[in-house]
Amino acid sequence: MSRLGASAFALAALAAVLPAAGPAYFLHLLIQILIWASVYTAWALMGRFGFVSFGHGAFVGVGAYVPALLWNYFGLTPWVGIPAGIALAILVAVVIGYPCFRLRVVGHYFALVTLALSQVVLLTLVAAREITGGSLGFTPKAAGHSWYALQFPEKTYFYVIALMLWLLALSVWRWIDGGINREALEAISEDEDAAAAIGIDVLREKLRITVLSAALTALGGAIYGQYMMYLNPESVSGIAVSLQIVFAAIAGGVYSLLGPTVGALLTISLTEGLRVWFGVTFIGAANTIYGALLVLCIIFMPQGIVGTLRRAMAARAPKAAAAD
Amino acid sequence: MDIFLVEAIINGILLGGVLALLALGLNLIFGVIDVVWIAYADIVMCGMYVIYVLYTHYDVPLLFACLAGIAGMAAFGVAVHLLIIAPVLNSAPINQLLATGGLLFFLQSFATLLFGTDFRNIGVRLPVVEVASIYISFARLIAFLFGLIGAVALYLFLKRTYIGTAIRAVAQDRDIVGLMGIDQRRIYLATSAIGGALAGLAACLLVLQYDVHPFIGNTFGPVIFMICVLGGLGNMIGGFVASFIISQIIAIGGYYSNTELSYVLAFTMFIILMFVRPRGLFAR
């Protein structure tokens, strides 16, 4: 097992004993961090190869709303509803991804097409207010403690689920990282024409990673919905969520396994910390500082936090070796 | 034809004027500096608040408040360039997008901090004009006219003045202009100032029609990007035409269904058009 894998394992072991340590609010925070860390990792699967999607908010939204709607209107268990949501997210990813990759919609244009996609999902959810409750949000019918409904009032259950989700996201990352596709994808991100010339099926590789990323993101959205028991179009879809995903992943660093997780840890504890600090007296103050920090972070740490740390350590290591 | 449909179409054209103005500003900045200002619509929001505060709190006459708004946003554009864009000018495009995206967060939250989330308006009610039993809002008519005047003024500025020519030169080939004795940094500053001023002008026109609130940028920000991309990023005339296409889709869609669905329609049309013309409608 590599050093990274070992540290991930150590972190997981640490995470397993953490919930016993703190109050319920702490656990709530931890669950959110784990769920979003999985979504950010899912985004980074694409993002690290330069396929910058501003549309992942759409996949979170689809993944969260489909199981909740099926549950309320048809009494269908989330065990079926969640795969249905993932299937729909995959369908959306293919419908948007296939023409994009086929017609070589890249760079700014790809970012903005996917941006439009996240707005389409947001506005559809708002417009279908008779079914989804529109901007007022949507609450799945409560069923108490139920495996069938995948609803647990005790947070520990969701903590374990979120932990498993997170580990799944990390293993998918490892799987891509270790496979032959990684080299193909890296070649594509360097130069699509050259990659195609050496026999890489550019379209297939891009579509595959997009579908994987979208499915994992939708799963994250579904778990988030099941946990929160309240969905709002603004908080699970649209540009704001898409930007939040891209920000946190980039801030943490998309080129390392734990980068997106660090991004989730920092951004969520920062927003929560600022929110608690300022309370209700200065609405907006927390986000003002958050926004300013984001800008500073992008300007001064373009490699992300984990990338910057690693570089700093790499720069120090030879010096230390020379000193010995 | 249904009289309300005619009204919807006319309102669409009038809306297109303001959108065109914003698309021109964003396109100018993209064409010259090669950076997309995600927070462009939020600079308009700032301009609206400046006018609102000057007019209602300090009793500045509306015309002067508007001029101050335009000048203020021009200065703001320069500040955005110096503080945020200049440091990331050589970074990956995604980092540039995110830096201005962070600015979007910052501006929206800062406005919330200062003004709260209330909807505010300057309390000026302009009359409604009736032409052949079609009702047209005078505010929208003014907005349309000034939108066009702004566009023409920008065109003349770019074509007829030295700085305008230099700006176009940078947009054509940013590497070679240094040899022609053009200071690239000064051109960037001038472009940011003009982009800011156009946002300020749009703020004047919008503050007459809409209430100001911290998140008003979210309403038309994504639409402006769509327009620019549809016209071809950096292509001014393309953006100008695309404004009217998109505003018609929104207006006519809104007539047949509701507002959100008309935007869904516009965004979907945009995605499809991107597949048909991946480099914009008017790409050569």
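Annotations
- Only one of A:160, A:62, A:94, A:106 that is in contact with an Asp or Glu (Cβ under 9 Å, 6 or more places away or on another chain) and among the hydrophobic types (A, V, I, L, M, F, W, C): A:106
- For the range A:116-139, the set of residues classified as more than 7 Å from chain B (Cβ to nearest Cβ) and under 22 Å from the mean Cα position of the chain (by Cα) consists of A:118, A:121, A:122, A:125, A:137, A:138, listed by residue number.
- Only one of the numbered conditions (1) open to solvent by less than 30 Å² (accessible area, probe 1.4 Å); (2) out of contact with any Phe, Trp or Tyr (no Cβ under 6 Å at 6 or more places or on another chain) is violated by residue B:164, and that is (2).
- Which listed residue is touching a helix residue (DSSP H, G or I) at 6+ places or on another chain (Cβ under 6 Å) and in a helix (DSSP H, G or I), from A:60, A:80, A:94, A:52: A:60
- Test: residue in the range A:292-304 that is modelled with pLDDT under 80, open to solvent by 20 Å² or more (accessible area, probe 1.4 Å) and over 19 Å from the mean Cα position of the chain (by Cα): yes
- Some residue of the range B:186-195 being open to solvent by 50 Å² or more (accessible area, probe 1.4 Å), hydroxyl-bearing (Ser, Thr, Tyr), at pLDDT 85 or above and under 19 Å from the mean Cα position of the chain (by Cα): no
- Pairing each residue of the range B:98-127 that is at positive phi with any residue that is open to solvent by 30 Å² or more (accessible area, probe 1.4 Å) and hydrophobic (A, V, I, L, M, F, W, C), provided the two are 6+ apart or on different chains, yields C-beta distances under 9 Å for B:116/A:283.
- Test: residue in the range B:70-84 that is within 14 Å of another protein chain (Cβ to nearest Cβ), in contact with a helix residue (DSSP H, G or I) (Cβ under 6 Å, 6 or more places away or on another chain), over 17 Å from residue B:214 (Cβ atoms) and among the hydrophobic types (A, V, I, L, M, F, W, C): yes
- Residue in the range B:91-114 that is open to solvent by 30 Å² or more (accessible area, probe 1.4 Å), part of a helix (DSSP H, G or I) and more than 10 Å from chain A (Cβ to nearest Cβ) present: no
Conditions (1) surrounded by 24 or more Cβ atoms within 10 Å (Cβ to Cβ); (2) within 14 Å of chain B (Cβ to nearest Cβ), marked per residue:
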site	(1), (2)
A:219	yes, no
A:222	yes, no
A:236	yes, no
A:257	no, no
A:265	no, no
A:271	no, yes
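- Pairs linking a residue in the range A:288-299 that is more than 7 Å from chain B (Cβ to nearest Cβ) to a residue that is among the aliphatic types (A, V, I, L, M) and in a helix (DSSP H, G or I), with Cβ atoms under 6 Å and 6 or more positions apart or on different chains, are A:289/A:274; A:297/A:251.
- Test: residue in the range B:66-83 that is more than 19 Å from the chain's Cα centre (by Cα), open to solvent by 40 Å² or more (accessible area, probe 1.4 Å) and within 30 Å of residue B:184 (Cα to Cα): yes
- Residues in the range B:238-258 that are polar (S, T, N, Q) and more than 10 Å from chain A (Cβ to nearest Cβ): B:243, B:247, B:248.
- Among the residues of the range A:140-178, the ones that are free of Cβ contacts under 8 Å to residues at least 24 places away in the same chain and within 22 Å of the chain's Cα centre (by Cα) come to 6 in all.
- Residues in the range A:81-115 that are at the interface with chain B (Cβ under 8 Å from one of its Cβ atoms), closer than 19 Å to residue A:241 by Cα and without any contact (Cβ under 8 Å) to a residue 60 or more places away in the chain: A:96, A:108, A:111, A:112, A:113.
- One residue alone among B:198, B:261 is facing chain A (nearest Cβ under 10 Å) and either assigned to a helix (DSSP H, G or I) or at positive phi (or both), and that residue is B:261.
- Any hit, the range B:46-55, residues being within 14 Å of chain A (Cβ to nearest Cβ), on the phi < 0 side of the Ramachandran plot and touching a Phe, Trp or Tyr at 6+ places or on another chain (Cβ under 9 Å): yes
- Of the residues in the range B:220-237, not one is more than 12 Å from chain A (Cβ to nearest Cβ) and modelled with pLDDT of 85 or more.
- Residue in the range B:121-144 that is charged (D, E, K, R) and surrounded by 22 or more Cβ atoms within 10 Å (Cβ to Cβ) present: yes
The values are calculated or read from the model by the stated rules, or taken from the named source; none is laboratory data. As the structure is a computational prediction, the values presented were derived from the model and not from experiment. Please note: Cβ atoms are built from the backbone with ideal geometry, for glycine as well, and neighbour counts cover all protein chains shown. For accessibility, only protein heavy atoms count, side chains too; no ligands or nucleic acids. Shrake-Rupley method; radii C 1.70, N 1.55, O 1.52, S 1.80 Å.
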